[in-house]
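Single-structure report; data block below.
The values are calculated or read from the model by the stated rules, or taken from the named source; none is laboratory data. Quick caveat, the model's predicted, so the values are computed rather than measured. Here the Cβ positions follow ideal geometry from the backbone for every residue, glycine too, while neighbour counts run over all protein chains shown. Heavy atoms of the whole protein, side chains included, go into the accessibility calculation; ligands, DNA and RNA do not. Shrake-Rupley method; radii C 1.70, N 1.55, O 1.52, S 1.80 Å.
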Amino acid sequence: MKTYTSSMKSLQLLALVAVLFAGVSCGEAPSDIEEKKSELSEYNNELRELKAKITTLEKEIAQMDPEFGKENTNAILVATMPVPTKDFFHMTEVRGWVASHKNVMMSAETMGKVQAIHVTEGQKVNKGQVLLTLDADIVRNNISEVQTSLELAKTLFERQSKLWEQKIGTEVQYLEAKNRKESLEDRLATLNSQLAQSVIRAPFSGRVDEIPATLGSIASPGMPLVRVLSEDDMYIKTDISEVFIGKFTAGDPVEVYFPVQDKTVTARVLSVGQVINSENRTFTVEVSLPKLDFTVRPNQVTVLQLIDYKSSKALVIPTKIILRDDKGTFVYTVADQDGSLVATKTHIETGLTFKSETEVIKGLQGTEKLIEKGYRDVAEGVSVTLAAASK
């Protein structure tokens with residue numbers, strides 16, 4: 001009679017569950033839905049407890065009446081899986097951007113009027129090609145004057161040297177002639193350097209990306225004139241929170257996703273910064289950019305997946321089969337009790353979760369049979385029947 005009553009309660013609970021699901025599908029208010037979900041969870045817990053009580057009663061009756069066990073058809077069909085052991089890793093997602101080691105804004109080193117702009121935006125240029133020239137007439141005039149004075153100084157020095165070799169004249173006269181010649185040579189070298197600064201040349205082969213300078217404007221030291229960019233030495237740069245210190249090393253694999261192109265490529269960590277930015281508490285990580293079959297541009301946004309945890313020969317199970325009760329997290333396993341298969345709660349301690357898989361740190365030995373299908377229909381001690389096991 002008790003078994004019949006418990007079965008009737010189970011049917012009533014199942015009917016109530018169906019009513020709750022019908023209420024949710026009819027478009028009730030969000031607050032009502034959450035309330036019904038909470039109520040449904042409570043009834044599911046009660047249902048598991050009832051099933052466990054039914055199983056206990058059935059065992060007690062079977063001990064008193066051997067024929068009762070033969071008529072028991074309440075075993076729940078479940079599918080099991082072994083506890084897989086494999087290498088497990090976890091990846092964290094951060095945002096980065098495309099950068100280039102050859103992205104330079106050329107600026108003026110000396111003051112002068114912009115005399116000529118020899119390139120246009122978007123134009124390809126070679127290393128050493130003239131991009132822009134500044135007015136340097138004053139420097140050229142100074143060079144001409146110094147060259148004339150230098151020629152005279154060289155002639156006087158040569159004559160004074162010959163006289164000094166013949167012991168004619170004083171050593172002071174010889175040293176003064178030598179000093180004047182060398183001073184003019186140094187001054188000429190300085191003027192030639194100033195003249196070179198009036199000509200802006202490409203530091204490497206690439207493309208002219210921007211020309212802030214305008215013809216006829218006055219350039220001063222540090223003033224931006226021409227930006228030159230090369231696509232041959234681009235990489236990915238990202239700033240990562242200091243909580244990940246020690247998690248990454250050069251050579252680690254990285255998945256790089258380009259949202260604009262909807263493309264994903266595999267790259268490697270180039271370098272890991274050793275200094276924490278005091279303003280945002282991050283450090284810099286640079287990632288290589290492999291050869292691509294699509295076009296990217298500096299400062300383009302990317303999404304990076306970096307490995308921040310690795311474990312070899314880890315016990316890894318599907319996250320979906322992990323349940324929780326007042327004692328913590330657990331999974332259902334199959335155990336043999338007095339020749340019958342029953343569902344058993346096995347409490348576990350979990351680690352990180354990644355891509356629907358969770359590492360189990362404690363609680364499993366690796367020899368258990370996990371209930372993979374039907375785990376929501378069983379309770380502690382409920383009789384089960386095995387379907388085909390997952391491979």
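For the reader, a short list of remarks on this structure follows.
- Estimated D of segment 45-171 in µm² per second, where Rh is the Kirkwood radius over Cα pairs and Stokes-Einstein applies at 10 °C, 1.306 mPa s: 58 µm²/s
- 22 Å Cα-Cα threshold exceeded, pairs from Lys36/Lys327; Lys237/Lys291; Lys86/Lys327; Lys320/Lys373: Lys36/Lys327; Lys86/Lys327
- Two tests apply to each whole DSSP H helix in the chain, Cα reach of 15 Å or more along its axis and mean Kyte-Doolittle hydropathy of at least 0.5, and the ones passing both are 2-25.
- Modelled this way, with points 7 Å down the Cα-to-C-beta line, the labels at Asp293 and Ala196 are 4.6 nm from one another.
- Separation in nanometres of the label points that stand 7 Å from Cα toward Cβ, at Lys162 and Gln123: 5.2 nm
- Rounded accessible area per residue of the chain, 1.4 Å, Å²: 61 Å²
- Over the chain: helical MRE at 222 nm, DSSP H runs n ≥ 4 each giving -39500 (n - 2.57), nearest 500: -11000 deg cm²/dmol
- Prolate/oblate/rounded label for the chain (Cα gyration tensor, a/c 1.5): prolate
- Extension gain for Lys373 to Arg95 (0.36 nm times residue separation, less C-alpha to C-alpha distance): 96.3 nm.
- Figure note: His90, His118 ranked by solvent-accessible area, largest first, 1.4 Å probe, ligands and nucleic acids not counted: His118, His90.
- Modelled spin-label separation between Asp326 and Ser356, with each label point placed 7 Å from Cα along the Cα-to-Cβ direction: 3.4 nm.
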